[in-house]
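Since the structure comes first, as C-alpha cells, the remarks are kept for the end.
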Amino acid sequence: MEKFFSENFKKIDFFLRIEYNVSMKTAIIGGGASGLILATALQNVNEVTVFERNERVGKKLSATGNGQGNVTNLAATKEEYFSFGNVSLAKTLISRYDDTSFAAYLESLGLLLLPDERGRVYPAGRQASAVTDALRFAYAGKTELATKITDIEKTGKVFSLTAEDGRLFVFDRVVLCCGGKAAKNFGTDGNGYALAGKLGHTQTPLYPSLVQLKTDTTHIKTLKGIRVINASLTARWQGGVHTLQGDVIFTEYGVSGDAVFRMSAFIAGKQNVTLEIDFLPPFSQEKMEETLKSKLGKFPETELLCGIVNNQVGRAIMKRAGGDIARASALVKAFPLPVTGSLGFDYAQVTKGGIPLDEVDENLQSKKVKGLYFAGEILDVDGQCGGFNLQWAYASARTVATALEEEARGQV
Ligand SMILES: Cc1cc2nc3c(=O)[nH]c(=O)nc-3n(C[C@H](O)[C@H](O)[C@H](O)COP(=O)(O)OP(=O)(O)OC[C@H]3O[C@@H](n4cnc5c(N)ncnc54)[C@H](O)[C@@H]3O)c2cc1C
C-alpha cells in the first residue's frame with residue numbers, strides 16, 4: 001500500500017512538473033504564517049525562494065495563541081474583520097478559503113485539530129510550534145534565512161531584490177508577506193510597507209490592535225492584578241459605542257484581559273474613548289441598589305459590596321461613590337475609565353491598517369506593478385482575537401497561490 005502511494009505520488013509530481021512552468025521564479029519575502037503557507041502551495045508550480053530576516057522561519061507563528069496556536073475559528077466567516085477600505089474583498093476571500101478549508105489544509109500536513117468551547121481551533125497537541133514544523137517539513141524549496149530584503153526594484157519584467165548583506169537576487173514574481181508593525185521582536189517592524197512604497201504603494205494610517213489599554217488609573221490603583229470574570233465591557237466614543245463580554249484584568253497602567261484585547265480592535269484610532277465595566281451583567285442596577293440598602297447598618301459602609309463583587313473592587317467602588325448607594329449601584333453596572341492610550345505596537349498582536357485594498361485586485365496582485373502580490377497582515381485587513389488573523393494569513397496566501405498557479409498553467 002505504501003509503495004502504491006509513493007509510486008503514484010511520483011507520477012503526480014511528474015505531471016505537475018510538466019504541466020506547470022516551474023522555471024518561473026517567485027520570491028516570497030517573509031517566512032511567517034502567510035509566507036510559509038504560500039510556499040508550500042506554490043512549490044510544485046514555481047521555483048520558490050522564501051526570504052526570512054530571522055534565523056528561523058515562523059518565529060511569530062510559533063508564539064501564537066499563548067504558544068498553543070489558535071489557528072482559526074469555527075466562526076471564521078462571520079463579521080470579525082476590519083479594514084479602512086473595502087473589507088468585503090477580504091470577507092469574500094475568507095469565505096472561499098474558510099476555516100474548513102484551512103483545517104483540511106493543516107490536516108493534509110499531518111496535524112489533527114480540535115476546537116475549544118469558544119470555537120477557537122488549535123492543533124490537538126496544543127503547540128503552535130508544531131504548525132511551524134509541519135509547514136517547514138512540507139516545504140522543500142529554497143529558504144534564505146537571516147536575510148532581510150532592504151530594496152526592491154522592477155526593471156522590465158523582472159524584480160531585483162537587494163538583501164541587507166548586499167546580495168542581489170532576480171525574480172519574475174514577488175509576494176510581500178512581511179507582516180505588519182506589531183510585535184517587532186518577531187521581525188515585524190513595518191519595513192514591508194517601505195518595500196511596497198518603493199514600488200509606488202501607499203499605506204493607510206497604522207494602529208496597534210489586540211493590545212492592552214492604558215486608562216486613567218485614579219480609581220483603580222488598588223486593583224492591580226484583579227481579574228473580573230465575564231464582565232460586560234462597553235466602549236463609547238463620539239458617534240460610536242460597542243459592548244462585548246469577557247474577562248477584564250486591572251493592571252498598573254489600565255486594563256488587560258480578553259475583553260480588553262477584543263475591544264481594542266474596535267477603538268484603535270478613535271479619540272476620547274471611555275470604557276465602562278459592568279461587573280455584574282446578570283443583575284440590574286435596581287437589584288443592586290435594593291441589596292445595598294438592605295445591608296445598610298449591618299455592614300461597614302466601605303464593605304457594602306462584600307459578597308457581591310471582589311472585596312477590593314467593592315471598596316474602590318464605594319470610595320469612588322463617596323458612600324452614596326445609588327451612585328455605587330450605578331458604578332457596579334458602569335464603572336467609567338477614560339482610555340489614555342495603549343501599550344503600543346511592541347505589545348500588540350496585530351496591526352490595524354496596511355497596504356490599501358483598493359491598490360490590489362481580487363487576486364491580491366498589485367494594481368500598480370504587475371507580478372507583485374501581497375498576503376497576510378501587510379494588507380489593510382485585521383481580524384478579531386480568536387484565530388481570525390491566521391485565518392486571513394491562510395486565505396490571502398491561498399488566493400495568491402491560486403492566481404500564480406493559474407498563471408503558470410496558462411503559460412505552458
Ligand atoms: C504574541 C502573538 C500571538 C498571536 N496569536 C494569534 C493567534 O493565536 N491566532 C491568530 O489568528 N493570530 C495570532 N496572532 C497574529 C498572527 O500571528 C499574525 O496576524 C500572522 O502571523 C500574520 O501573518 P503574516 O504572514 O502576515 O506575518 P508574520 O507571521 O508576522 O510573518 C512575517 C515575517 O516576515 C519577516 N520579514 C519582515 N520583513 C522582512 C524583510 N524585509 N525581509 C525578510 N523577512 C522579513 C518577519 O521576520 C516575519 O517572520 C498573534 C500575534 C502575536 C504577536
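Observations
- Per this entry, Thr204 is not counted among residues that are of a type outside the set (Lys, Arg), part of a loop (DSSP other than H, G, I, E, B) and farther than 16 Å from Gly269 by Cβ.
- Unique residue being free of Cβ contacts under 8 Å to residues at least 40 places away in the same chain, touching a helix residue (DSSP H, G or I) at 6+ places or on another chain (Cβ under 8 Å), in the same structural domain as Asn185 (by TED's automatic domain parsing) and at positive phi when the list is Gly69, Gly166, Gly110, Gly156: Gly110
- Residues of the range 161-195 classified as away from the ligand (no atom under 11 Å from the Cβ) and among the hydrophobic types (A, V, I, L, M, F, W, C), total: 5
- Selection within the range 66-93: residues that are within 12 Å of the ligand (Cβ to nearest atom) and buried (at least 21 other Cβ atoms within 10 Å of the Cβ). The member of this set that is modelled with the lowest pLDDT is Ala76.
- Filter pass, Ala326 being more than 16 Å from Thr217 (Cα to Cα), among the aliphatic types (A, V, I, L, M) and within 16 Å of the ligand (Cβ to nearest atom): no
- Among the residues of the range 42-65, those identified as within 6 Å of the ligand (Cβ to nearest atom), touching a Gly at 6+ places or on another chain (Cβ under 8 Å) and not small (Gly, Ala, Ser) are Phe51, Glu52, Arg53, Asn54, Lys59, Lys60, Leu61.
Results for (1) touching a helix residue (DSSP H, G or I) at 6+ places or on another chain (Cβ under 6 Å); (2) basic (Lys, Arg); (3) outside the structural domain of Ala63 (by TED's automatic domain parsing); (4) buried (at least 22 other Cβ atoms within 10 Å of the Cβ), shown as yes or no for each residue.
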{"residue": "Asp324", "(1), (2), (3), (4)": "no, no, yes, no"}
{"residue": "Arg327", "(1), (2), (3), (4)": "no, yes, yes, no"}
{"residue": "Val332", "(1), (2), (3), (4)": "yes, no, yes, yes"}
{"residue": "Phe335", "(1), (2), (3), (4)": "no, no, yes, yes"}
{"residue": "Ile355", "(1), (2), (3), (4)": "yes, no, no, yes"}
{"residue": "Glu362", "(1), (2), (3), (4)": "no, no, no, no"}
{"residue": "Lys368", "(1), (2), (3), (4)": "no, yes, no, no"}
{"residue": "Gly371", "(1), (2), (3), (4)": "no, no, no, no"}
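- Candidates Gly179, Gly197, Gly192: the one that is assigned to a helix (DSSP H, G or I) and under 17 Å from the mean Cα position of the chain (by Cα) is Gly192.
- So Lys148, is it under 12 Å from Ile29 (Cα atoms), touching a strand residue (DSSP E or B) at 6+ places or on another chain (Cβ under 8 Å), among the basic types (Lys, Arg) and at pLDDT 95 or above: yes
The values are calculated or read from the model by the stated rules, or taken from the named source; none is laboratory data. Just so it is clear, the model here is predicted, and its values are computed rather than measured. Cβ atoms come from the backbone with ideal geometry, glycine included; neighbour counts cover every protein chain shown.
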